[in-house]
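Right, one structure below, let's go through it.
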Amino acid sequence: MERAARAFLAACVLAVSGAALAQADTTPPIAGTVRDGPGMSDSDDQASSTMIEANWSGFQDPESGIAGYEWAIGTSPGATDVQDFRPVGVQHDAVNDALSLTAGATYYATVRATNGAGLSVTATSDGIVAVFGPEVPGTVNDGPGADIDTQTSTTTISANWSGFSVGPGVAYYRWGIGTRPDYDDVQRLTPVGLATSATNAGLSLTPGKAYYVYVVAHDGWYSHVTAVSNGVIVTLPDATPPVAGTVNDGPDLDMDVFGAGYLSANWNGFQDPESGIARYEWAIGTSPGATDVQAFTTVGTQTSANASISSTAGSTLYVTVRATSGGGLTATATSDGVAVVPPELTVSPASLEFPHVAVGSRSDALQITVQNETPYDLWLSITSDRPDFVWTVSRPHLLPGHTSLINVSFQPQVTMVRQGKLTLAFSHTAWLDPKPPTWTIERYVEVKGYGAPGPPEEPPALGGCGCVSGGGTPVVAALLGLAAAWRRRRRRS
């Protein structure tokens, strides 16, 4: 009984002592250091256009300790015009990756530390510059000057390029040579600094083949853009053009209707007995032979192609294929046309917004409804640019006329706003084509949620002793005196 009483008395002393310390703390915390970027490093510039990170250390309060941190982002020291103060608990770093930053602007992170007495201090970083820029692939010409389509040399490939834009500016180029538009199998990508032309005169090229120059522009950070020439053919002696083949609308057998937003084609029967077919190009137009929807685009020696297009439902589109022989001569053929029909694929709603959800918890599900009114079998797959959103799909295989339900939940990992999108990819596979999927239509659903701090822990109940009712140092002294009297009484007994 006496042991329980002593334990109870000690708990009262500790509880009141803590309250007294907070009451006795009249000074704010000591400010620490705030750094731009992740980890314990400080960055001066960054390539991201959507994210600001910060980390900090050195905040302290000897009297009552640091109870929590908040952080904000602004375009001047101490400002909060980009992000107002948000709590992050006692962690020493934070990130917001749902921003829209301005190229060339400087951003500052400000941290506010609050002690156990409710007093606070702030510190601001030295700023970070957003150095991103537009990414624009340039134009690559075969040959030393204006673009050429054929050449007789079997040892030399030359190219020149212009119009590239990436990040804060191009830092260096690499160039390669390949037998396909996306290959560098003849010459691996080779740095050339800021030169905008290059030549390789030590090659062994095959007459009758097409060769492509592949250029990559780097900004010196994390970004790059690529562009490929339309190819140059090393010619063979050939006085006659190729024999024209047949062009089919669609991925395999010829189709008469197709969904808006996407078009594919295939072809066969083109041949040239003298020098062979070195290259195919394809174009799309609103009349036979026209290129007003898509200009001629090189596909190497492939005999099929597909493209996302902007077209009006109810129109008719035609695909034209141009075959070039090893002698540099050409032949063209055009499909019989395909009627563009509305895809009639509905996704509702277009956005989801979740209420505040405690970090580590999971929200109730919100529902997306997908209705397939197209004439095609579709397979649904979903990806997200934010890992905090999770989902289940009732029916990933959508037959014509069927509906699928997607249940989406928000499961935040950090205390911050999470905003992104779900990408719903609907793929149709033509079973006679060995290269699935034949085509894919994408729809997007915007998602947003806020990860809130978890509920605060309740202080332990001290029972009905009334120890803290008076508060302050006098109560502590009285309790300590009571404890001393208890010990004296025990010694006398």
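Structure notes:
- Residue tally, condition over 25 Å from residue 301 (Cα atoms) and among the polar types (S, T, N, Q), over the stretch 155-168: 2
- Criterion applied to 170, 234, 213, 186 was being farther than 14 Å from residue 323 by Cα, in contact with a Leu (Cβ under 6 Å, 6 or more places away or on another chain) and of a type in the set (Val, Ile, Thr), and the one residue passing it is 234.
- Condition check for residue 153: of a type in the set (S, T, N, Q), part of a strand (DSSP E or B) and farther than 30 Å from residue 56 by Cα: no
- With a requirement of 2 or more residues that are modelled with pLDDT of 90 or more and either touching a Phe, Trp or Tyr at 6+ places or on another chain (Cβ under 9 Å) or closer than 24 Å to residue 302 by Cβ (or both), the strands (runs of 3 or more DSSP E) lying completely within the stretch 169-266 that satisfy it span 172-178, 187-193, 197-200, 210-218, 224-228, 232-234, 246-249.
- Positions within the stretch 318-363 being closer than 29 Å to residue 304 by Cα and either without any contact (Cβ under 8 Å) to a residue 24 or more places away in the chain or of a type in the set (A, V, I, L, M, F, W, C) (or both), in sequence order: 319, 321, 323, 329, 331, 333, 338, 339, 340, 341, 345
- Of everything in the stretch 124-149 that is in contact with a Gly (Cβ under 8 Å, 6 or more places away or on another chain) and of a type in the set (A, V, I, L, M), the residue that is farthest from residue 168 (Cα to Cα) is 128.
Yes or no, residue by residue, for (1) in the same structural domain as residue 170 (by TED's automatic domain parsing); (2) at pLDDT 95 or above; (3) assigned to a loop (DSSP other than H, G, I, E, B):
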site: 80; (1), (2), (3): no, yes, yes
site: 88; (1), (2), (3): no, no, no
site: 95; (1), (2), (3): no, no, no
site: 103; (1), (2), (3): no, no, yes
site: 118; (1), (2), (3): no, no, yes
site: 123; (1), (2), (3): no, yes, no
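- Residue check, residue 177 without any contact (Cβ under 8 Å) to a residue 40 or more places away in the chain and of a type in the set (Val, Ile, Thr): yes
- For beta carbons closer than 8 Å, sequence separation of 6+ or different chains, a first residue in the stretch 395-417 that is over 26 Å from residue 88 (Cβ atoms) and a second that is basic (Lys, Arg), the qualifying pairs are 402/395; 403/395; 404/395; 405/395.
- The set of residues from the stretch 43-63 being under 24 Å from residue 418 (Cα atoms) and not β-branched (Val, Ile, Thr) comprises 43, 45, 46, 47, 48, 49, 51, 53, 54, 55, 56.
Residue-by-condition table, conditions (1) in contact with a strand residue (DSSP E or B) (Cβ under 7 Å, 6 or more places away or on another chain); (2) crowded, with 22+ Cβ neighbours inside 10 Å; (3) touching a residue at least 24 places away in the same chain (Cβ under 8 Å); (4) over 19 Å from residue 319 (Cβ atoms):
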| site | (1), (2), (3), (4) |
| --- | --- |
| 215 | yes, yes, yes, yes |
| 218 | yes, no, yes, yes |
| 223 | no, no, yes, yes |
| 232 | yes, yes, yes, yes |
| 236 | no, no, yes, yes |
| 242 | yes, yes, yes, no |
| 245 | yes, no, yes, no |
| 269 | yes, no, yes, no |
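- Where strands (runs of 3 or more DSSP E) sit wholly within the stretch 343-439, those with at least 3 residues that are modelled with pLDDT of 90 or more and among the aliphatic types (A, V, I, L, M) occupy 366-372, 403-410.
- When the residues of the stretch 391-425 are filtered to those that are in contact with a Lys or Arg (Cβ under 9 Å, 6 or more places away or on another chain) and of a type in the set (Lys, Arg), the one that is farthest from residue 97 (Cα to Cα) is 421.
- Residues in the stretch 306-331 that are outside any strand (DSSP E or B) and within 30 Å of residue 240 (Cα to Cα): 326, 327, 328, 329.
- Among residues of the stretch 54-70, those that are part of a loop (DSSP other than H, G, I, E, B) and exposed (fewer than 15 other Cβ atoms within 10 Å of the Cβ), counted: 2
- Within the stretch 77-86, at least one residue is out of contact with any Gly (no Cβ under 9 Å at 6 or more places or on another chain) and either of a type in the set (S, T, N, Q) or farther than 25 Å from residue 420 by Cα (or both).
- Flag for residue 43 being at pLDDT below 95, of a type in the set (Ser, Thr, Tyr) and not in a strand (DSSP E or B): yes
Listed here are the residues, each with its yes/no results for (1) out of contact with any Pro (no Cβ under 7 Å at 6 or more places or on another chain); (2) of a type outside the set (A, V, I, L, M, F, W, C); (3) surrounded by 18 or more Cβ atoms within 10 Å (Cβ to Cβ).
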| position | (1), (2), (3) |
| --- | --- |
| 95 | yes, no, no |
| 98 | yes, no, no |
| 103 | yes, no, no |
| 109 | yes, no, yes |
| 115 | no, yes, yes |
| 121 | no, no, yes |
| 126 | yes, yes, no |
| 131 | no, no, yes |
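The values are calculated or read from the model by the stated rules, or taken from the named source; none is laboratory data. Computed from a prediction, not measured in an experiment: that's the story for all the values here. Neighbour counts are summed over all protein chains in view; Cβ atoms, including those assigned to glycine, are modelled from backbone coordinates with ideal geometry.
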